[in-house]
Structure formats: structure tokens, C-alpha cells
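Chemist: Please see the structure below; I have some questions.
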Amino acid sequence: MNIELVPVQEKDKSIVANLLELYEYDFSEFIGTDVDEQGKYGYQYLDFYWLEPNRHPFLIKVDGNIGGCVLVNLNVPAEKESNVHSIAEFFVMRKYRRNGVGRHIANKIFDAFPGKWAVTQLNENKAAQIFWKNVIQEFTDGNFQVQETPNGLVLTFSN
């Protein structure tokens, strides 16, 4: 299986927007969001990924097919410690889950952005908590911290 992490050019923003609709649909079970009058969830920060230098959009490709997307931020939101990377959104299409695609892409992302990281998961999203703990445990050889917040877990590490 050939797994790629591909930066998204602004001309392909609509691909990410479409994928984020699927992601928001999956995520709605945790946060209870509804679609708007046009039947869409929308993603209010999408345009910023081509306007602000500290935001990075990527497509996941699996054997040449679109398999998901990842949005990475540095210093967003502003209340975080400075110079900390975070994964704003991480979406692997169901077809490609549980076969190493997510792990492979997470490692590529961490390698592409060395430095401090904070990866957040909601309390309700137990599958994400298990996934990220396992991936970060392996990536850091156990050198990471877990912080419990009222909304969920934050895993922090440096690479």
C-alpha cells in the first residue's frame, strides 16, 4: 500500500471542504452538531489555511486515491503556549481505517513539523484517545505527557 501526505494547493480547497463534510458527519456523534439550511456542516476556518502561514492543509492519498485529510496548526489557538504544533483535524476515510494509514500519516506529520506538539482528543471520542496514545507512545518511545482537561485529553511531546 502506497500512503502519501500531499500538501493542498488553494485551487484544490474544495476537495478538503468536501472531506471535512464527511469528517464533521463522523464527528457529530461526539459534539452534536447539525447541518445548516443547505445540508452542510461547513468548516469556518478552512480559508485561513491558505491565508495564514502557520496553518497547513494536507490530503491523504492511498494507492493514488483520496483517503482523507489533515489540518495542522502552529500557535493556534492563541492561548496555547507559543511554538506548539497541533492537529486541528485528522480524517481518515472509513475504508482506510485500522490498517496503518492513520499511524503512517501521523508519523509523517510529526516528522514534517519538528518541535513541540499538543494533540487533543475529546472525552467522548475513546477511539481517538486510544489511537493517539498508541501512535505517540510508539513515535516518542514513551516520552510524552498526558494532561486531562474538562473536555478531554491533551498529549504533549517534543521531537
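The values are calculated or read from the model by the stated rules, or taken from the named source; none is laboratory data. Please read all numbers here as calculations on a predicted model, not as lab measurements. Reconstructed Cβ throughout: ideal geometry from the backbone, glycine too, with neighbour counts over all protein chains shown.
Chemist: Output yes when any residue across segment 97-111 is crowded, with 16+ Cβ neighbours inside 10 Å and farther than 18 Å from residue 2 by Cβ, and no when none is.
Modeler: yes
Chemist: Filtering segment 118-132 down to residues that are touching a helix residue (DSSP H, G or I) at 6+ places or on another chain (Cβ under 6 Å) and assigned to a strand (DSSP E or B), which residue is farthest from residue 100 (Cα to Cα)? Please lay out each step first, then the result.
Modeler: Taking segment 118-132 first, the residues touching a helix residue (DSSP H, G or I) at 6+ places or on another chain (Cβ under 6 Å) are 119, 121-122, 124-125.
Then keep just the ones that are assigned to a strand (DSSP E or B); that gives 119, 121-122.
Details: 119: 19, 121: 19, 122: 22 Å.
The residue in question is 122.
Chemist: On to the next question. Residue 26 passes all but one of (1) surrounded by 15 or more Cβ atoms within 10 Å (Cβ to Cβ); (2) modelled with pLDDT under 95; (3) within 14 Å of the chain's Cα centre (by Cα); which number fails?
Modeler: Answer for residue 26: the failing condition is (1).
Chemist: Considering only segment 134-157, state which residues are small (Gly, Ala, Ser) and either under 16 Å from residue 114 (Cα atoms) or surrounded by 11 or more Cβ atoms within 10 Å (Cβ to Cβ) (or both).
Modeler: Taking segment 134-157 as the starting set, the residues that turn out to be small (Gly, Ala, Ser) are 142, 152.
Answer for segment 134-157, where residues must be small (Gly, Ala, Ser) and either under 16 Å from residue 114 (Cα atoms) or surrounded by 11 or more Cβ atoms within 10 Å (Cβ to Cβ) (or both): just 152.
Chemist: Further question: Within segment 107-127, track down each residue that is closer than 22 Å to residue 29 by Cβ and in contact (Cβ under 8 Å) with a residue 24 or more places away in the chain. I'd like the intermediate steps shown before the answer.
Modeler: Taking segment 107-127 as the starting set, the residues that turn out to be closer than 22 Å to residue 29 by Cβ are 119-127.
Listed by number, the residues that qualify are 119, 120, 121, 122, 123, 124, 125.
Chemist: Tell me, which residue of segment 1-21 that is touching a helix residue (DSSP H, G or I) at 6+ places or on another chain (Cβ under 9 Å) and over 27 Å from residue 75 (Cβ atoms) is surrounded by the fewest Cβ atoms within 10 Å (Cβ to Cβ)?
Modeler: Restricting to residues being touching a helix residue (DSSP H, G or I) at 6+ places or on another chain (Cβ under 9 Å) and over 27 Å from residue 75 (Cβ atoms), the top hit is 1.
Chemist: Kindly list the number of the only condition in (1) surrounded by 13 or more Cβ atoms within 10 Å (Cβ to Cβ); (2) at pLDDT 95 or above that fails for residue 64.
Modeler: Only one criterion is unmet by residue 64, namely (1).
Chemist: Return yes or no: is residue 157 in a strand (DSSP E or B), over 20 Å from residue 7 (Cα atoms), touching a helix residue (DSSP H, G or I) at 6+ places or on another chain (Cβ under 7 Å) and not basic (Lys, Arg)?
Modeler: Working: in a strand (DSSP E or B): yes; over 20 Å from residue 7 (Cα atoms): yes; touching a helix residue (DSSP H, G or I) at 6+ places or on another chain (Cβ under 7 Å): yes; not basic (Lys, Arg): yes.
Answer is yes for this residue.
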